[in-house]
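These notes concern the structure reproduced below.
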Amino acid sequence: MAPGSRCCLLLLLLLLLGVLGAPALGDPGPLEDVVIDRYYIPKICLREAQMGDFIRYHYNGTFKDGKKFDSSYDRGATVAGVVGVGRLITGMDRGLQGMCVNERRHLIVPPHLGYGSIGVAGLIPPDATLYFDVVMLDIWNKNDKLQITTLSKPQHCNRTVENSDFVRYHYNGTLLDGTPFDSSYSKGSTYDTYVGTGWLIKGMDQGLLGMCAGEKRSIIIPPFLAYGEKGYGTVIPPQASLVFSVLLVDFHNPKDGIFLEHLEVPETCKRRAVTGDFVRYHYNGTLMDGTLFDSRFKGHRGMDVAPWRGWNFTARQDGGCGILGWKGLGFQGCPAFLTCFLCASCSHDYEKPQEVTLGANKVIEGLNSGLLDMCAGERRVLIVPPHLGHGESGARGVPGSAVLRFEVELISMEEGVPEGYLFIWHGEPPANLYEQMDLNKDGGIPAEEFSTFIKTQVAEGKGRLMPSSDPEKVIADMFQNQDRNQDGKITPEELKLKSDEDQEKIHEEL
């Protein structure tokens, strides 16, 4: 037979077989194994399902004609189980192995790898080929451990989280497939709790240990260290792995005191601050994440005095800073590390320093303690735990239970006076006080005479005023306190020392 005739005969035979229902080209005939179509594979696959792994997945199950016989979506719950150990039909067991989280597959399961010649009464007929559309949501194993990845870490870390510490942190929580279930950011506040005392799931308790304030971590928690077989409400399914992105804002321990770091200490220090001293200081108060909540520095430290403005100013000797003059582009008389605001009498463009008497309960305990033992011109960083700061209630700009960071610079100090006093004697007051104060001996002491007398006592070192930037106001207040009838002069009956009043009060109480 000629080659052309053989070709025509073969074509005719193929057409005849198609008409008679014989398998056409491309029809594989009876399947020997499950057919797997990996129609979506995620770019990142950290893990593939292996025999013995616990998995969670969603699926739709249909016949060849597209008729649905089962669906986890319709039931509103994912399927959880162990793969490769005979708990699933053989075709599904084989079809799920090697899947990544978020991978999607089409599976064609022949009858002998499905429900065979028996089927499932009322649901799957005998010898049915099954079609599954599957998405993998979670993979874990009973031998899994916590997975911790450090995303960022601060350069300086004085201490790390330990059991019994109180922590404040932000977090985003997702399932392993990326489905979000909770976030502190959406609530507008940190999550605040103790570590290692049973308030957190075990995985988070362990995942926070060793963190620095300001550190960011990714923490992947297997179900047995999270909510296990029960899940949590409607947001966390049973047997779900959890992924937390955590930012540790701050932490402390109820036993903590203040942490002190010396930034700058003058070479000479004639005297250090003690309780009762009246001090002037600059400070920046921030949360541990750098959020500014209060400041007595106007602008950033560095305090360049803007030479382009052409300022001219001088300052008398004070705290190691000599005559401060403007020449060209530099200062004269001040060490390089000192800036203008270190000199109490400098003319500068910054806010008035904070003024307080140490030990008078006018500032939080941690700041008061941190100012003690400082030299004029010294700079410190103070880390103040909340029980020495603003406590559980917080304050304006300060959240409850927040750790505070103060950068403090002591401008000046001087011996103060006891609480409630405007003036005290260094020794015993004169026995004939009224006669000495009545300078013109007319039987009355007006404000001018009173002021002259007090200023003389201060100048001669016999007494001291309550430290203040305005001694005239202090003296005026003293006069007002003594001028009981407010007639503009003090009489012998009106002149009474506070110590006498206190002594009388004691006798009255006895």
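The values are calculated or read from the model by the stated rules, or taken from the named source; none is laboratory data. The structure presented is a predicted model; accordingly, all values stated were derived computationally and were not measured. Quick reminder, even Gly has a Cβ in these numbers, built from the backbone with ideal geometry, and neighbours come from all protein chains shown. The protein model used for the area step is the full one, side chains on, heavy atoms only, and it has no ligands, DNA or RNA in it. Shrake-Rupley method; radii C 1.70, N 1.55, O 1.52, S 1.80 Å.
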Query raised in the report: Round to a whole number: what % of the accessible area of the range 147-252 belongs to carbon and sulfur, probe 1.4 Å?
Result: 51 percent
Requested in this report: Please compute the net charge surrounding D165, taking Lys and Arg as +1 and Asp and Glu as -1 over other residues with Cβ under 15 Å from its Cβ.
Outcome: -3
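Too long at a 19 Å Cα-Cα cut-off: which of K142/K202; K352/K473; K270/K455; K145/K202?
Details: K142/K202 15 Å; K352/K473 17 Å; K270/K455 26 Å; K145/K202 12 Å.
Table pairs above 19 Å Cα-Cα are K270/K455.
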Query raised in the report: Hey, which aspartates and glutamates would be in cross-link range of K64, C-alpha to C-alpha under 15 Å, not counting anything within fewer than 8 residues on its own chain?
Result: D27, D127, D133
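Going by average Cβ neighbours within 10 Å, how do the peptides 222-235, 272-285 rank, with the highest at the top?
Descending packing order for the listed peptides: 272-285, 222-235.
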Query - Å² of accessible area per residue within the range 35-140, as computed with a 1.4 Å probe and no ligands counted - result: 51 Å²
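S152: net charge of surrounding residues, Cβ under 10 Å, Lys/Arg +1, Asp/Glu -1, itself excluded? Please list the in-between numbers first.
Working: positive: K153, K216, R217; negative: E215.
So the environment of S152 carries a net charge of +2.
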Query raised in the report: Taking all protein chains as present, what is the carbon and sulfur share of the accessible area of the range 366-426, in % to the nearest whole number, probe 1.4 Å?
Result: 47 percent
Query raised in the report: Simple spin-label model, 7 Å along Cα-to-Cβ: A459 to Q436 in nm?
Result: 1.5 nm
Report task. With a probe of 1.4 Å, find how much accessible area the range 152-290 has per residue, and write the answer as a whole number in Å². Result -> 51 Å²
Report task. May I ask you to give the average projected area over all directions of the convex hull of the Cα atoms of the range 353-454, in nm² rounded to one decimal? Result -> 9.8 nm²
Report task. Starting from the Cα of K462, draw a straight line to each of the aspartates and glutamates and keep only those under 12 Å, dropping any in the same chain fewer than 8 residues away. Result -> E428
Query raised in the report: What base-10 log of the normalised intensity I(q)/I(0) is obtained for the range 147-252 from the Debye formula, alpha carbons as equal point scatterers, at q = 0.10, 0.12, 0.16, 0.24 Å⁻¹?
Result: -0.26, -0.38, -0.67, -1.43
Query - Under 12 Å, Cβ to Cβ, from V85 - net charge with Lys/Arg +1 and Asp/Glu -1 - result: -1
Report summary line: On the accessible surface of the range 35-140, probed at 1.4 Å with all protein chains in place, carbon and sulfur together account for a percent value of 54 percent
Report summary line: A correct Karplus calculation of ³J(HN,Hα) over the range 178-194, with 6.51 cos²θ - 1.76 cosθ + 1.60, θ = phi - 60°, whole Hz and x for Gly and Pro, returns x, 5, x, 10, 6, 7, 6, 4, 5, 8, x, 7, 6, 8, 10, 6, 8
